[in-house]
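J.: The structure that follows is given in the form of structure tokens.
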Amino acid sequence: MVFKETQVVEVSIPLPDSLDTRIYIRVTTLDKAVMVSLTTASQEELGATTPMGSMVYALPDRFNPQQPLATTIFTTQATVEFTTRTARILARKANRPVYVTNSISFVNAGMGGTVEEEMEALKNVIEVVSGQLSKEGLLEGTSVNEAS
């Protein structure tokens, strides 16, 4: 049996409508799964510890590929919906199990975390992670616009 080398990539993108807060993304590609960790920090908070947030496991459904199955492993009410949505989209696009941990806080977003800001952040996170998975040849060929 041949195992693929584990790939780890860390990037950051700006939090929508925020002056100094960024979303930090860590993508770990394992042999049979993908792990994604998401968090936010402003310039003043760099190096400070952040609560874990939610953790969700999603995997493709062989009988209904458009609706991946998702299980919440650890819940924080403020982040569970965003985490579940992210995990399901990535599991569908990569056609493999995905673990997502998320402690993103929209408090520092321009309008305090409106639905529009959360959806823009989701779109940006999916684009970045999909780009990384595409570089590694793990995407099923769907476009980023189909994720929303």
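The values are calculated or read from the model by the stated rules, or taken from the named source; none is laboratory data. If you're wondering where the values come from, they're calculated on a predicted model, not measured in any experiment. Note that we place each Cβ from the backbone using ideal geometry, even for glycine, and neighbour counts take in every protein chain shown. Side chains are part of the model used for accessible areas, which takes the heavy atoms of the whole protein and leaves out ligands, DNA and RNA. Shrake-Rupley method; radii C 1.70, N 1.55, O 1.52, S 1.80 Å.
J.: Name the single residue that is farthest from VAL80 (Cα to Cα) among those in region 105-133 being surrounded by 18 or more Cβ atoms within 10 Å (Cβ to Cβ) and polar (S, T, N, Q).
T.: GLN132
J.: Charged (D, E, K, R) and modelled with pLDDT of 90 or more: which single residue out of GLU116, GLU5 fits that description?
T.: After ruling out the rest, the residue left standing is GLU116.
J.: I've got another one for you. Any chance you could count how many residues in region 134-148 are surrounded by fewer than 12 Cβ atoms within 10 Å (Cβ to Cβ), at pLDDT below 80 and part of a loop (DSSP other than H, G, I, E, B)?
T.: Adding up the residues that qualify gives 3.
J.: Looking at region 10-27, I want the residues that are on the phi > 0 side of the Ramachandran plot and have a partner that is surrounded by fewer than 18 Cβ atoms within 10 Å (Cβ to Cβ) with Cβ atoms under 9 Å, at least 6 apart or on another chain. Which pairs are those?
T.: ASP17/GLY110; ASP17/MET111; ASP17/THR114; ASP17/GLU116; ASP17/GLU120
J.: Right, something else. For region 42-95: of the residues being in a loop (DSSP other than H, G, I, E, B) and β-branched (Val, Ile, Thr), which is least open to solvent (accessible area, probe 1.4 Å)? Walk me through how you get there before you give the answer.
T.: Start the filter on region 42-95 by keeping residues that are in a loop (DSSP other than H, G, I, E, B), which leaves 46-53, 60-68, 75-79, 95.
Filter once more, keeping what is β-branched (Val, Ile, Thr): 49-50, 75-76, 79.
Values: THR49: 139, THR50: 73, THR75: 79, THR76: 50, THR79: 10 Å².
By that ranking, first place goes to THR79.
J.: Filter region 26-55 down to residues that are within 11 Å of SER103 (Cα to Cα), within 11 Å of the chain's Cα centre (by Cα) and of a type outside the set (S, T, N, Q), then give me how many there are.
T.: 2
J.: Consider region 29-56. How many of its residues are in contact (Cβ under 8 Å) with a residue 40 or more places away in the chain and more than 29 Å from SER18 (Cβ to Cβ)? Break it down stepwise before answering.
T.: Step one: filter region 29-56 for residues in contact (Cβ under 8 Å) with a residue 40 or more places away in the chain, giving 29, 32-40, 42, 50-56.
Then drop every residue that is not more than 29 Å from SER18 (Cβ to Cβ), which leaves 32-33.
Adding up the residues that qualify gives 2.
J.: Do we have any residue at all in region 17-30 that's of a type in the set (Lys, Arg), assigned to a strand (DSSP E or B), closer than 26 Å to LEU139 by Cα and modelled with pLDDT of 95 or more? Talk me through it step by step, then tell me what you get.
T.: Quick first cut of region 17-30, residues of a type in the set (Lys, Arg) only: 22, 26.
Checking which are assigned to a strand (DSSP E or B) leaves us with 22, 26.
The next check asks that each one be closer than 26 Å to LEU139 by Cα; those that pass are 22, 26.
With the extra rule that they be modelled with pLDDT of 95 or more, the set shrinks to 26.
Checking region 17-30: at least one residue is of a type in the set (Lys, Arg), assigned to a strand (DSSP E or B), closer than 26 Å to LEU139 by Cα and modelled with pLDDT of 95 or more.
J.: Same structure again: Quick one: LEU69 ticks every box in (1) under 12 Å from the mean Cα position of the chain (by Cα); (2) modelled with pLDDT of 95 or more; (3) not aromatic (Phe, Trp, Tyr) bar one, so which box is it?
T.: Among (1) under 12 Å from the mean Cα position of the chain (by Cα); (2) modelled with pLDDT of 95 or more; (3) not aromatic (Phe, Trp, Tyr), the lone unmet condition for LEU69 is (1).
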